[in-house]
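The values are calculated or read from the model by the stated rules, or taken from the named source; none is laboratory data. Because the structure is a prediction, the values reported are computed rather than measured. Here Cβ is always computed from backbone atoms with ideal geometry, including for glycine, and neighbour counts include all displayed protein chains. Just so you know, the surface numbers come from the protein's heavy atoms only, side chains and all, with ligands and any DNA or RNA stripped out. Shrake-Rupley method; radii C 1.70, N 1.55, O 1.52, S 1.80 Å.
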Amino acid sequence: AIIDNTTEITAEKFEYNKITKILIAQGNAVGIDKLNKIKITADKLTYDKIKLIFIANGNSKATDKLNNVTIEADELEYNKKDLIYTAKKNVKLDDISNNIFTEAEKIVYLISEEKTFSEGKTKILTADNYTINSTDVVWLRNKNEFSSDKFTTFEDTENNFYTAEKFR
């Protein structure tokens, strides 16, 4: 289904509500934002044509070619208008450009600001071979800076172990 000149959705089954302008795609659902080079796959994909929001459920994955990031989660929302990802449950964010991999219970990624927030337990594997275990982490992608006001542990590949009450 072609939604407009920048949005396309494919799936095995479609349901469309003309009043609410909500499209539900099920079975190998794929949503494409051509303008921002984003592809979203899921078992079920809901698209709100008025709010410009994709909601993916089950085996959800977003591949963002412009920012070189992939996000996997049980539930994934992509706000096309505000350029925000919200991923919940079993979240995995792979920043291919910075070689950083993050696992968390919830991640919100503000694309325009290049800022990521995690909620709950968070594990980060960095390019310089550190493993960071923390909670509620803020990550500034463009500066490659992490911070948290919660207890955090750091471990390197030589088994050096560090702790901090909070870090920046």
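Rolling a 1.4 Å probe over the protein heavy atoms gives the stretch 10-149 an accessible area of 52 Å² per residue.
Mean sequence separation of contacting Cα pairs (under 8 Å, at least six apart), scaled by the length of the chain, corresponds to a relative contact order of 10 percent.
Stokes-Einstein diffusion of the stretch 101-163 at 37 °C, 0.692 mPa s viscosity, Kirkwood radius from Cα pairs, rounded to a whole number: 276 µm²/s.
Using a 1.4 angstrom probe on heavy atoms only, work out the carbon and sulfur share of the accessible area of the stretch 71-168 in %.
43
Near Ile50, once Lys and Arg are set to +1 and Asp and Glu to -1 for all other residues with Cβ below 13 Å from its Cβ, the sum equals +4. Of the peptides 120-131, 151-162, the order by per-residue mean of other Cβ atoms within 10 Å, starting with the highest, comes out as 120-131, 151-162.
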